[in-house]
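K.L.:
Quick one: the structure is below, questions incoming.
The values are calculated or read from the model by the stated rules, or taken from the named source; none is laboratory data. Everything numeric in this text was worked out from a predicted model, so none of it was measured. Methodologically, a virtual Cβ is constructed for each residue, glycine included, from the backbone with ideal geometry; neighbour enumeration extends over all protein chains shown.
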Amino acid sequence: MKTINQFKVKANENNHIFDLFLILILTIISVLPAFLHGYYNSSVDGIYHFARFENIASSLKSDTLPSLFNFNYAPINSYQGVAINAMYPWLDGLLFIVPRIVISNPLHAMEIGFFLLNFLTIFNMRLLAGSLSSNRWIIWLGVIVYEFNNFHLIDLYSRTALGECFGYAWMPLVVLGLLQLHQNKKSSPFILGLSLGMIANAHVLSLVLAVIFVLVFEILKNDVTLKVFKNALLSFFIFLAISSYSLFNIINIYVHSKIATPERGIVSVDLSSFLTSNFGNNMAEKTYWIYGLPLLVIQIVLTVILFKNMQSSNWRKWLIAADILFIISLNWWPWSIFVKTPISLLQFLSRLNLFIVLFLSIAIVMFFNEKKKVNKRNIILIGIIVCFVSLAGTYQNRLNYNGLQSNHYSLNADNYESILHSTSSFNDYIPLNKNGKKLNISNSKVPKQISGKSNQSVYKVDLDHESVVDFPVVTYQGFNYNIFIDGIRSKSLDTNQVSVKLSKGRHIIKIEAPYDRSSLLLFISILSISITILILFFLRF
């Protein structure tokens, strides 16, 4: 008996080693096409994210906690002091920020960041797929479909929508947490709380979608026992602890200031254009995004099987959910009447692809798992086709969809800094003026900036007469800024921008971000993440 147990333990260890090896190989494969020839083809979204990560990295390099307000690396079409760090959560971004701190070459640091992000995505999907099947061939097919579908690689390397990519990476654990919640597993509240908390630490819109999914799942499940309720409540408190820093900062800004939020709208999917792009494997940045011809064919085949055989099975529920979301995303419906509703926060209905792809991946795993005999060759062939189509599309897109005319930039080690400092991206989150419009600071007489850090700017002003000088620095109500005129503390005459009265002569004005009142919450969030991961490690899922 002892020998048999030792054999099982050894076999289990070998499986874990093989899984880790396969995750590493798949991660490398997923990153390679985006960095061939020594550059990264970045969208405007990417520039925005890399700039905010650079701001945080520069703070940590100087041994200071990141300010909520971005004085350095703010978009040139925005203003210094814009509350990007407060409004756009960055804790997940440490996967990019930490490599940037320790590696001088920004392109190499970026490669490591994408490597870690893809590793996280594959690892989390492996956990979910492993809970749905014990067949390793089926498990890894589900992982490959989720990692290598066109939608995911468009998000990563065409749109470079890193906030959404982190949401995508954690969403499998949301599903796993919910499934385990109803299996009364000890790990369920920790998995669910961690995944929702980490989504909150990366992308608020993805969090909203995740919460809606959780609510819909529980309503349809309709099986809330006292044990499930207690674990759900525990997961909520874990979520709050993990996301406390990010959520507090967002709420704090909203409570005290009226700010410009991202543009709202509802862009639906044209079926004809969607099919054309799938057949052409077009992975360019558009107002709709494909998930690839292989996955579309699988979806159609499974849907046909579903209607031919109406017997009840688990995979059908997930497939039906994917089909319903796909139909909802089309322009067949009068979406224009919802433009002034909260639905418009979604902007692009193609964002529903996140759940369509996830549900299809789950359905595929469950479908093959229910078969008495699995053809390994077919599984390998499907996996190879999915990988080949998406990777080929990624490589072609980075070659063909480049240059200023497409708002894409070839980032390399030499031009990285200059592009971040000279590229227009988004001017969200700046304060609104008294008329409820975006603050517009005149550029006709911009004072000369002589130095700056991630949390401060220093200007030199020469005047031939006394006057009021406006600086291209925005401020937010409810926060005490440190403004020094020739070393003497002063106050701004305006509540939304730095404006001071100066006498004739030369003056040095230093503007510092206010003290970050949420630094304790940052510690709580990081500590909560660490403790939750340790607990999960010891529970071993």
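K.L.:
Of the residues F279, F274, only one is part of a helix (DSSP H, G or I), on the phi < 0 side of the Ramachandran plot and surrounded by fewer than 18 Cβ atoms within 10 Å (Cβ to Cβ); which?
P.N.:
Details: F274 fails: surrounded by fewer than 18 Cβ atoms within 10 Å (Cβ to Cβ).
From the options F279, F274, the qualifying one is F279.
K.L.:
Okay, next question. Out of the strands (runs of 3 or more DSSP E) lying entirely within the range 392-488, which hold 1 or more residues that are more than 24 Å from G46 (Cβ to Cβ) and in contact (Cβ under 8 Å) with a residue 12 or more places away in the chain? Give the derivation first.
P.N.:
Values: elements: 409-411, 448-453, 456-463, 467-474, 482-485.
Filter on the range 392-488 gives 448-453, 456-463, 467-474, 482-485.
K.L.:
Moving on. Checking Y395 against (1) at pLDDT 85 or above; (2) not assigned by TED's automatic domain parsing to the domain that holds A109, which single condition isn't satisfied?
P.N.:
(2)
K.L.:
Which residue pairs have Cβ atoms under 6 Å apart, sit 6 or more places apart or on different chains, and have a first residue in the range 189-203 that is over 19 Å from F248 (Cβ atoms) and assigned by TED's automatic domain parsing to the domain that holds L176 and a second that is of a type in the set (V, I, T) and in a helix (DSSP H, G or I)?
P.N.:
Note: pairs meeting the criteria are F190/T532; F190/I535; S195/V174.
K.L.:
In the range 425-441, is there at least one residue being within 32 Å of the chain's Cα centre (by Cα) and either assigned by TED's automatic domain parsing to the domain that holds H37 or under 30 Å from H37 (Cβ atoms) (or both)? Let's see the steps before the verdict.
P.N.:
So in the range 425-441, the residues within 32 Å of the chain's Cα centre (by Cα) come out as 425-433, 436-441.
Next cut, either assigned by TED's automatic domain parsing to the domain that holds H37 or under 30 Å from H37 (Cβ atoms) (or both) only: 425-426.
The answer is yes; a qualifying residue exists.
K.L.:
Collect the residues in the range 411-456 that are aliphatic (A, V, I, L, M) and closer than 14 Å to V473 by Cα, keeping them in residue-number order.
P.N.:
Taking the range 411-456 and keeping what is aliphatic (A, V, I, L, M), we get 411, 413, 419-420, 430, 432, 439, 441, 446, 450.
I430, L432, L439, I441, V446, listed by residue number.
K.L.:
Considering only residues that are buried (at least 23 other Cβ atoms within 10 Å of the Cβ) and over 18 Å from I47 (Cβ atoms), which ones fall in the range 74-112?
P.N.:
G81, A83, A86, P89, D92, listed by residue number.
K.L.:
Right, another one. Regarding V468, is this residue buried (at least 18 other Cβ atoms within 10 Å of the Cβ) and either modelled with pLDDT of 85 or more or within 26 Å of P431 (Cβ to Cβ) (or both)?
P.N.:
On the way: buried (at least 18 other Cβ atoms within 10 Å of the Cβ): no; either modelled with pLDDT of 85 or more or within 26 Å of P431 (Cβ to Cβ) (or both): yes.
Taking the combined requirement at face value, the residue does not satisfy it.
K.L.:
Look at F359 and say whether it is in contact with a helix residue (DSSP H, G or I) (Cβ under 7 Å, 6 or more places away or on another chain) and in the same structural domain as W315 (by TED's automatic domain parsing). So that I can check it myself, show each step before the final result.
P.N.:
On the way: in contact with a helix residue (DSSP H, G or I) (Cβ under 7 Å, 6 or more places away or on another chain): yes; in the same structural domain as W315 (by TED's automatic domain parsing): yes.
Criteria met by F359.
K.L.:
If I filter the range 317-361 down to residues being in a loop (DSSP other than H, G, I, E, B) and of a type outside the set (V, I, T), which single residue comes out as surrounded by the most Cβ atoms within 10 Å (Cβ to Cβ)?
P.N.:
Quick first cut of the range 317-361, residues in a loop (DSSP other than H, G, I, E, B) only: 329, 331-334, 339-341.
Restricting the remaining residues to those that are of a type outside the set (V, I, T) gives 329, 331-334, 340.
Working: S329: 24, N331: 18, W332: 12, W333: 14, P334: 8, K340: 9.
Among residues in the range 317-361 that are in a loop (DSSP other than H, G, I, E, B) and of a type outside the set (V, I, T), the one surrounded by the most Cβ atoms within 10 Å (Cβ to Cβ) is S329.
K.L.:
Continuing with this model, one more query. Could you count how many residues in the range 25-43 are crowded, with 18+ Cβ neighbours inside 10 Å and either at pLDDT 95 or above or part of a helix (DSSP H, G or I) (or both)?
P.N.:
The initial filter retains those residues of the range 25-43 that are crowded, with 18+ Cβ neighbours inside 10 Å, namely 26-27, 30-31, 33-35, 39-43.
Within this subset, residues satisfying the condition of being either at pLDDT 95 or above or part of a helix (DSSP H, G or I) (or both) are 26-27, 30-31, 33-35.
Summing the residues that are crowded, with 18+ Cβ neighbours inside 10 Å and either at pLDDT 95 or above or part of a helix (DSSP H, G or I) (or both) in the range 25-43 gives 7.
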